[in-house]
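Written below as structure tokens is the structure these notes are about.
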Amino acid sequence: LSDAKDPITRTCLAVFTLPATNTAWQQAEWVVQPGKDGEVNLQFSARWAPGAASYSMLYDNIEVDGHTVPGGDLETGDESRKAWGINGTSTRAALVSEPGLAHGGTACLRAGTRALAVQRLTVKAGQPIKITFWYRIPPPK
């Protein structure tokens, strides 16, 4: 975890680096406690690594205790795409439906280093937020 100030908005960022593999899904869980009321972005991307074979990550079954995460199971097609505001300059961010690829159901989210999937959550000061999801590097083709 690293805390940094975004130079444009002067807001706090929490960045988590995941020890992902391309052989198995792994579960991540974090609890964060907002210091003030407001909105936060729940953002999924991939870390760029020189020489890496993959610049994308897969995510599935995204849950946030105490919050509704529209499209969190990633099974609602266009609703999930819209809910995650898939954006970026790369074509690597997408809702992916390939047999046997998703952790649960038939679809998962692929995000890249410049192709983000984002949702905005409303938070209350002092009320912890537990974020749980599954992740992995895409398997070789």
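The values are calculated or read from the model by the stated rules, or taken from the named source; none is laboratory data. All figures in this text were calculated on a predicted structure; none of them were measured in a lab. Don't worry about glycine lacking a Cβ; one is built from the backbone with ideal geometry, like all the others, and counts go over all protein chains shown. Ligands, DNA and RNA are stripped out before the accessible areas are found, and what is left, the full protein with its side chains, is counted by its heavy atoms. Shrake-Rupley method; radii C 1.70, N 1.55, O 1.52, S 1.80 Å.
Some values worked out for this structure:
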{"read-out": "Scope the range 64-81; condition out of contact with any helix residue (DSSP H, G or I) (no Cβ under 9 Å at 6 or more places or on another chain), among the β-branched types (Val, Ile, Thr) and open to solvent by less than 70 Å² (accessible area, probe 1.4 Å); matching residues", "value": "VAL64"}
{"read-out": "Subset of the range 82-115 (residues that are assigned to a strand (DSSP E or B) and either open to solvent by 70 Å² or more (accessible area, probe 1.4 Å) or at pLDDT below 80 (or both))", "value": "ASN87, GLY88, ALA94, LEU95, ALA115"}
{"read-out": "Whichever residue in the range 116-128 is open to solvent by less than 70 Å² (accessible area, probe 1.4 Å) and of a type in the set (Val, Ile, Thr) and, among such residues, is farthest from LEU42 (Cα to Cα)", "value": "VAL123"}
{"read-out": "Scan of the range 116-141 for residues that are under 21 Å from TRP25 (Cβ atoms), of a type in the set (Lys, Arg) and modelled with pLDDT under 85, ordered by number", "value": "LYS141"}
{"read-out": "Single residue of the range 49-67 satisfying the filter (modelled with pLDDT of 70 or more and part of a loop (DSSP other than H, G, I, E, B)) that is nearest to LEU116 (Cα to Cα)", "value": "TYR55"}
{"read-out": "Residue match in the range 14-24 (condition: in a strand (DSSP E or B), modelled with pLDDT of 85 or more and of a type in the set (Gly, Ala, Ser))", "value": "no"}
